[in-house]
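S.K.: Sending over a structure as structure tokens; questions will come in a sec.
The values are calculated or read from the model by the stated rules, or taken from the named source; none is laboratory data. Remember, predicted model here, so these are calculated numbers, not experimental data. What goes into the accessible areas is simple: the full protein's heavy atoms, side chains included, and nothing from ligands, DNA or RNA. Shrake-Rupley method; radii C 1.70, N 1.55, O 1.52, S 1.80 Å.
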Amino acid sequence: MTDLDATFAEAVRLLTGLVSGEVSPVEAANWATPRYTDRSGYDQHAPLWTALGSLVLADMPAGRGRYLYGPADYQDWLDEALA
């Protein structure tokens with residue numbers, strides 16, 4: 001397994017956790033943001049790049065204590081990353 005594959009596996013774990021509610025949007029976005037902005041070849045792994053692009057949006061606010069995206073969106077993101 002390459003580093004990119006391992007990072008993708010972690011991204012999938014986080015997306016799955018968002019869907020189930022076991023991972024907070026803040027945790028997911030905090031993990032993804034430095035990887036998305038650094039890149040380090042992440043953009044060369046299309047499924048990983050898709051997952052990172054989604055995860056950075058996970059904690060986008062929609063008001064006090066609410067997020068713009070929810071479990072149905074997270075499922076769509078997961079499905080897209082795994083497609």
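S.K.: Express in Å², to the nearest 10, the accessible area of residue 12 obtained by rolling a 1.4 Å probe over the protein heavy atoms while all chains stay in place.
M.R.: Looks like 30 Å² after rounding.
S.K.: Another question, if that's okay. On a 0 to 90° scale, report how tilted helix 25-38 is relative to the longest principal axis of the chain, with both axes built from alpha carbons and the result rounded to the nearest 10.
M.R.: 40
S.K.: Express the carbon and sulfur contribution to the solvent-accessible surface of the chain as a percent, rounded to the nearest whole number, probe 1.4 angstrom. Each step should come with its number before you reach the end.
M.R.: Details: 2480 of 4770 Å².
Carbon-and-sulfur percentage of accessible area, whole number: 52.
S.K.: Out of residues 5 or more away from residue 67 or on other chains, whose amide H comes under 5 Å of its own, with H placed 1.01 Å from N in the peptide plane?
M.R.: 62
S.K.: Rounded to the nearest 500, what is the chain's calculated 222 nm mean residue ellipticity when only DSSP H runs of at least 4 contribute -39500 (n - 2.57) each, over all residues?
M.R.: On the way: 4 runs with 54 residues, N = 83.
One gets -21000 deg cm²/dmol as the mean residue ellipticity at 222 nm.
S.K.: Average the reciprocal distances over every distinct pair of alpha-carbons in the chain, invert the result, and give the Kirkwood radius in Å. Don't jump to the answer; show the numbers that get you there.
M.R.: Working: mean 1/r = 0.0800 Å⁻¹.
Evaluated over the chain, this radius sits at 12.5 Å.
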